[in-house]
1. Search the range 10-50 for residues being among the aliphatic types (A, V, I, L, M) and either within 14 Å of the chain's Cα centre (by Cα) or crowded, with 17+ Cβ neighbours inside 10 Å (or both), and hand back the single one that is nearest to Asp85 (Cα to Cα).
2. Mind checking which pairs have a first residue in the range 17-28 that is part of a helix (DSSP H, G or I) and a second that is of a type outside the set (Ser, Thr, Tyr), Cβ under 7 Å, 6 or more apart or different chains?
3. All but one of (1) in a helix (DSSP H, G or I); (2) at pLDDT 80 or above; (3) acidic (Asp, Glu) hold for Asp52, so report the exception by its number.
4. Condition check: farther than 18 Å from Arg36 by Cα, touching a residue at least 40 places away in the same chain (Cβ under 8 Å), in a helix (DSSP H, G or I) and touching a helix residue (DSSP H, G or I) at 6+ places or on another chain (Cβ under 9 Å). Does Val58 satisfy that?
Amino acid sequence: MYVCLYVSLYVCLSVCLSVCLSVCLCSQEFGTKHHRYSDALLDYGFFLLNIDSICQAVKVYQMALDIRVAVFGGNNLHVAIAHEDLAYCAYVHEYSSGKFHDARSCTALWAICIRRNANGAMAKIIV
């Protein structure tokens, strides 16, 4: 039983170190306004969400979304994915209070609309 605990702790620490290292390397290599940096932030936010550091995850997802909006504009599939991730994180954050104002806001609806437009555009291209 203790061996499993040590192994899972080792895996968690190694994942934490690798994700933090990738965020640092992306910020140094590409800068903090590059879409690759926002990709690393999304991975970091996912990690934070999985270790129940929800408040930090919301901030990181918001940073990634801001960068993607600045790089790609508002109507883009990459932006929709960041919107969707932020909406889910806001839902998890507000789950304990029962007030889902941020999670129900236009963030999730915006992501769905962008995805539908992208799928429609892809269908037109394929046909």
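The values are calculated or read from the model by the stated rules, or taken from the named source; none is laboratory data. These numbers come from a predicted model, not from an experiment. Neighbour counts run over all protein chains shown; Cβ positions are idealised from the backbone, glycine included.
1. So the first thing to find is which residues in the range 10-50 are among the aliphatic types (A, V, I, L, M), and the list is 11, 13, 15, 17, 19, 21, 23, 25, 40-42, 48-49.
Checking the rest, the ones that are also either within 14 Å of the chain's Cα centre (by Cα) or crowded, with 17+ Cβ neighbours inside 10 Å (or both) come to 19, 23, 40-42, 48-49.
Values: Val19: 17, Val23: 18, Ala40: 13, Leu41: 11, Leu42: 8, Leu48: 12, Leu49: 10 Å.
Once the filter is applied, the top-ranked residue is Leu42.
2. Val19/Asp43; Val19/Phe47; Ser22/Ala40; Ser22/Asp43; Val23/Ala40; Val23/Leu41; Cys26/Arg36; Cys26/Ala40
3. Result: Asp52 fails condition (1) only.
4. Working: farther than 18 Å from Arg36 by Cα: yes; touching a residue at least 40 places away in the same chain (Cβ under 8 Å): no; in a helix (DSSP H, G or I): yes; touching a helix residue (DSSP H, G or I) at 6+ places or on another chain (Cβ under 9 Å): yes.
So Val58 does not fit the description; no.
Listed here are the residues, each with its yes/no results for (1) at pLDDT 70 or above; (2) under 12 Å from the mean Cα position of the chain (by Cα); (3) within 29 Å of Cys16 (Cβ to Cβ).
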{"position": "Asp66", "(1), (2), (3)": "yes, yes, yes"}
{"position": "Val69", "(1), (2), (3)": "yes, no, yes"}
{"position": "Phe72", "(1), (2), (3)": "yes, no, yes"}
{"position": "Ala80", "(1), (2), (3)": "yes, yes, yes"}
{"position": "Arg104", "(1), (2), (3)": "no, no, no"}
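Okay, residues lined up against (1) closer than 20 Å to Leu13 by Cα; (2) in contact with a Lys or Arg (Cβ under 9 Å, 6 or more places away or on another chain); (3) of a type in the set (Gly, Ala, Ser):
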| site | (1), (2), (3) |
| --- | --- |
| Ser27 | no, no, yes |
| Phe30 | no, yes, no |
| His35 | no, yes, no |
| Ser38 | no, yes, yes |
| Gly45 | yes, yes, yes |
| Ile54 | yes, no, no |
| Ala57 | yes, no, yes |
| Met63 | no, no, no |
| Ile67 | no, yes, no |
